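Q: Starting off with a structure, shown below.
The values are calculated or read from the model by the stated rules, or taken from the named source; none is laboratory data. Note that the structure is predicted; figures quoted are calculated from it, not measured. We place every Cβ from the backbone using ideal geometry, glycine too, and count neighbours over all the protein chains shown. All accessible areas refer to the heavy atoms of the entire protein, side chains included, with ligands and DNA or RNA removed. Shrake-Rupley method; radii C 1.70, N 1.55, O 1.52, S 1.80 Å.
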Amino acid sequence: MSYKALLITGTSSDAGKSTITTGIIRMLANEKISVAPFKGQNMALNSYVTIKGEEIGRAQASQARAAGIEATALMNPVLLKPTSDKGSSVLVLGKPFGEFSAAQFQRAKKDLIEVVDGAFDSLARSFDVIIAEGAGSPAEINLLQNDLVNLGFARRVGVNSILIGDIDRGGVFASLFGTVSILPSELGDLVKGFVINKFRGDVSLLTPAIKELTQRTNIEVLGVVPRISKLSIDSEDSLALVSGFLGPAKFDALVVGILQLPYMSNFTDFEPLAHDEQVRLVLVTQPQQIAFVDVLIIPGTKSTVSDLDYLRSNGFVSELYAHVSKGKGLVGICGGYQMLTRKIFDGVESDRSAVVGLGLIDGVTRFSPTKILRQLDCRFTQGDSKTLLKTYQIHHGRVDLDEGANALFSVQAADLLMPQKEDEGYLSECVVGTSCHGVFESRLARQTILGPLAQLVDKVYEATMDFEILRQEYYERCADLVTTHIGRNTIFRMLNI
């Protein structure tokens, strides 16, 4: 089958592959072209759960939203979630596949080729155009064998590639030239265009180097894309948390601290707070910093017990207790919520039968080998109980609250496979917990949770920002970058449409 598809690769991580991929997808969607994203193999701690309960990379879910379609596991058939410096949990077609060391996964890749290529083919039969995204750099020659995501994949399915280079880091011409030069010719020949990304200055100054690069490689430079600050939504890179979440805010803004954990995951939960002028969002890396925040959030984690051990051994717990004793707000999300219970029974992640929790929530946490992956429709148990919130869950640990404890939500599975309603989460005067991700995307949720916590420190919080509007504006900015600096006709030519 001949595909109308394009693979977007980069000379390095964070070269701008996701931004350009999103921009092309949104541009095509605006042209009423049926388009879908694809990434054969992704590695990220920020994931998303589809309506069918499949776990995929957050970027592909965001790109599907940019296309105006529902995300599915076909868009990211293999997902790696790091559990240590040398190992990862591997999910295949959205479901847990096993725990693998880096070496074990390299050996397993040959058995996943058919899965990845088959997912791409199935997706391509349902949409007119597929825009695929690579990972890292295609020039990692130690990983070329059984490639699932870069030019090895592109060669198997018969699609060409655009290579993105980040000029902001320096050495962009050497990076572009070196990438295609080090590759075997059958892979390097698939690169049909270069894009220079994140440029600041006078583009005309690049002209001599662009001409020489084209002469040396016989590959066209398709465009020079300017560097745009704060162009980040649904980012998978933890650097975005540091660089994007410490921006200016109003003087009397609510100071919300995110407790940095070694295995912190789904920190995209807090992106809405980063864009909220009523909030000053800070990353808490030292125990003494807790004293300076109004609301402390313990985020999700891939390893609840290990990260709880980290908090204890590094002096965070006493400061955390002092924070609560002063009547300040504390919020736990997923693994952070589990830490707040009295005891954690974990025979899955840490293989420790009973661990003493922080004891700030009336309940216990029990881990099950079966992973919960589902989208949920939530309504608050107090205040506005009519408005629906869309959230999702990714966890092994289940919090069992004591009888009489106040639940945060009444929830029902979005796919209606769970017809009965359940109580979810915890709510007291200054402690809030939930296993749901994506909560703060809702203006109602930010107001309901942060409003009362702001009052505890004599501040006023009013949720006025609409995060979905910002997200759609981001997609349009990405599309505008592609249209203006690469060109609609150029992309159409690359796709043969």
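Q: Filter the stretch 425-456 for residues that are without any contact (Cβ under 8 Å) to a residue 40 or more places away in the chain and under 23 Å from the mean Cα position of the chain (by Cα) and give the result.
A: Arg443
Q: Still on this structure, please answer the following. Those residues that are outside any strand (DSSP E or B), modelled with pLDDT of 95 or more and under 33 Å from the mean Cα position of the chain (by Cα), I need them from the stretch 189-209; list them, please.
A: Those that are outside any strand (DSSP E or B), modelled with pLDDT of 95 or more and under 33 Å from the mean Cα position of the chain (by Cα): Asp189, Leu190.
Q: If you check Gln455, Gln393, which single one turns out to be under 24 Å from Thr268 (Cβ atoms) and polar (S, T, N, Q)?
A: Gln393
Q: Taking into account only those residues within the stretch 429-443 that are of a type outside the set (Lys, Arg) and under 20 Å from Ile233 (Cβ atoms), which is surrounded by the fewest Cβ atoms within 10 Å (Cβ to Cβ)?
A: Only one residue fits best here, namely Glu441.
Q: Take the stretch 457-486 and flag every residue that is more than 23 Å from the chain's Cα centre (by Cα) and surrounded by 15 or more Cβ atoms within 10 Å (Cβ to Cβ).
A: Val457, Lys459, Tyr461, Ala463, Thr483, His485, Ile486
A quick yes/no check of all residues on (1) in a helix (DSSP H, G or I); (2) closer than 17 Å to Leu183 by Cα; (3) aliphatic (A, V, I, L, M); (4) within 24 Å of the chain's Cα centre (by Cα):
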residue	(1), (2), (3), (4)
Val115	yes, no, yes, yes
Ile131	no, no, yes, yes
Gln145	no, yes, no, no
Val149	no, yes, yes, yes
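Q: Look at the stretch 350-376 and say how many of its residues are within 17 Å of Ile333 (Cα to Cα) and of a type in the set (D, E, K, R).
A: The qualifying residues number 4.
Q: Out of the residues in the stretch 262-321 that are touching a residue at least 12 places away in the same chain (Cβ under 8 Å) and acidic (Asp, Glu), state the one that is farthest from His437 (Cα to Cα).
A: Residue satisfying both the conditions and the ranking: Glu319.
Q: Of all residues in the stretch 84-103, count the ones that are open to solvent by less than 60 Å² (accessible area, probe 1.4 Å), assigned to a strand (DSSP E or B), hydrophobic (A, V, I, L, M, F, W, C) and more than 20 Å from Thr304 (Cβ to Cβ).
A: 2
Q: Looking at the stretch 50-73, which of the residues that are basic (Lys, Arg) and not in a loop (DSSP other than H, G, I, E, B) is nearest to the chain's Cα centre (by Cα)?
A: Arg58
Q: Now a separate question. Output the number of residues of the stretch 162-208 satisfying the condition of being open to solvent by 40 Å² or more (accessible area, probe 1.4 Å) and aliphatic (A, V, I, L, M).
A: Final tally of qualifying residues: 4.
Q: Check whether at least one residue in the stretch 256-273 is at pLDDT below 90, surrounded by 14 or more Cβ atoms within 10 Å (Cβ to Cβ), of a type outside the set (Phe, Trp, Tyr) and farther than 26 Å from Val324 by Cα, and report yes or no.
A: No, because not a single residue in the stretch 256-273 is at pLDDT below 90, surrounded by 14 or more Cβ atoms within 10 Å (Cβ to Cβ), of a type outside the set (Phe, Trp, Tyr) and farther than 26 Å from Val324 by Cα.
Q: Here's something else I'd like to know. Among the residues of the stretch 35-42, is any of a type outside the set (S, T, N, Q), in contact with a strand residue (DSSP E or B) (Cβ under 6 Å, 6 or more places away or on another chain) and free of Cβ contacts under 8 Å to residues at least 60 places away in the same chain?
A: For the stretch 35-42, residues of a type outside the set (S, T, N, Q), in contact with a strand residue (DSSP E or B) (Cβ under 6 Å, 6 or more places away or on another chain) and free of Cβ contacts under 8 Å to residues at least 60 places away in the same chain: absent.
Q: Tell me, which residue of the stretch 139-156 that is over 15 Å from Ala102 (Cα atoms) and modelled with pLDDT of 95 or more is most open to solvent (accessible area, probe 1.4 Å)?
A: Here the answer is Arg155.
Q: Sort through Gly359, Gly332, Gly336, Gly327 and tell me the only one that's under 30 Å from Ala71 (Cα atoms), outside any strand (DSSP E or B) and modelled with pLDDT of 95 or more.
A: So the residue among Gly359, Gly332, Gly336, Gly327 that is under 30 Å from Ala71 (Cα atoms), outside any strand (DSSP E or B) and modelled with pLDDT of 95 or more is Gly336.
Q: Restricting to the stretch 156-188, what's the tally of residues that are closer than 23 Å to Lys39 by Cβ and either of a type in the set (S, T, N, Q) or outside any helix (DSSP H, G or I) (or both)?
A: Total satisfying the criteria: 13.
Q: Which pairs have Cβ atoms under 7 Å, sit 6 or more apart or on different chains, and link a residue in the stretch 173-184 that is closer than 10 Å to Leu163 by Cα to one that is of a type in the set (A, V, I, L, M)?
A: Leu176/Leu163; Leu176/Leu213; Thr179/Ala139; Thr179/Leu163; Val180/Val191; Val180/Ile219
Q: Which condition does Val460 not pass, out of (1) under 30 Å from Gly404 (Cβ atoms); (2) not in a helix (DSSP H, G or I), if it passes all the others?
A: (1) is the only condition that Val460 fails.
Q: If you don't mind, another one. Quick one: how many residues across the stretch 357-381 are touching a residue at least 24 places away in the same chain (Cβ under 8 Å) and closer than 18 Å to Asp402 by Cα?
A: Matching residues across the stretch 357-381 total 11.
Q: How many residues are farther than 24 Å from Leu254 by Cβ, touching a residue at least 24 places away in the same chain (Cβ under 8 Å) and outside any strand (DSSP E or B) if we restrict to the stretch 339-356?
A: So the count comes out to 4.
Q: Name the single residue that is nearest to Ile333 (Cα to Cα) among those in the stretch 382-413 being open to solvent by 40 Å² or more (accessible area, probe 1.4 Å), modelled with pLDDT of 90 or more and in a loop (DSSP other than H, G, I, E, B).
A: Of everything passing the filter in the stretch 382-413, Asn406 is nearest to Ile333 (Cα to Cα).
Q: Okay, next question. Say whether the condition of being surrounded by fewer than 24 Cβ atoms within 10 Å (Cβ to Cβ) and closer than 15 Å to His437 by Cβ is met by at least one residue in the stretch 21-43.
A: no
Q: Still on this structure, please answer the following. Residues in the stretch 274-324 that are out of contact with any Lys or Arg (no Cβ under 8 Å at 6 or more places or on another chain), surrounded by 19 or more Cβ atoms within 10 Å (Cβ to Cβ) and in a loop (DSSP other than H, G, I, E, B): how many?
A: Here the count works out to 3.
Q: Another question about this same structure. Would you pick out the residues in the stretch 52-71 that are closer than 16 Å to Ile372 by Cα, among the acidic types (Asp, Glu) and open to solvent by 10 Å² or more (accessible area, probe 1.4 Å)?
A: Of everything in the stretch 52-71, just one residue is closer than 16 Å to Ile372 by Cα, among the acidic types (Asp, Glu) and open to solvent by 10 Å² or more (accessible area, probe 1.4 Å), namely Glu54.
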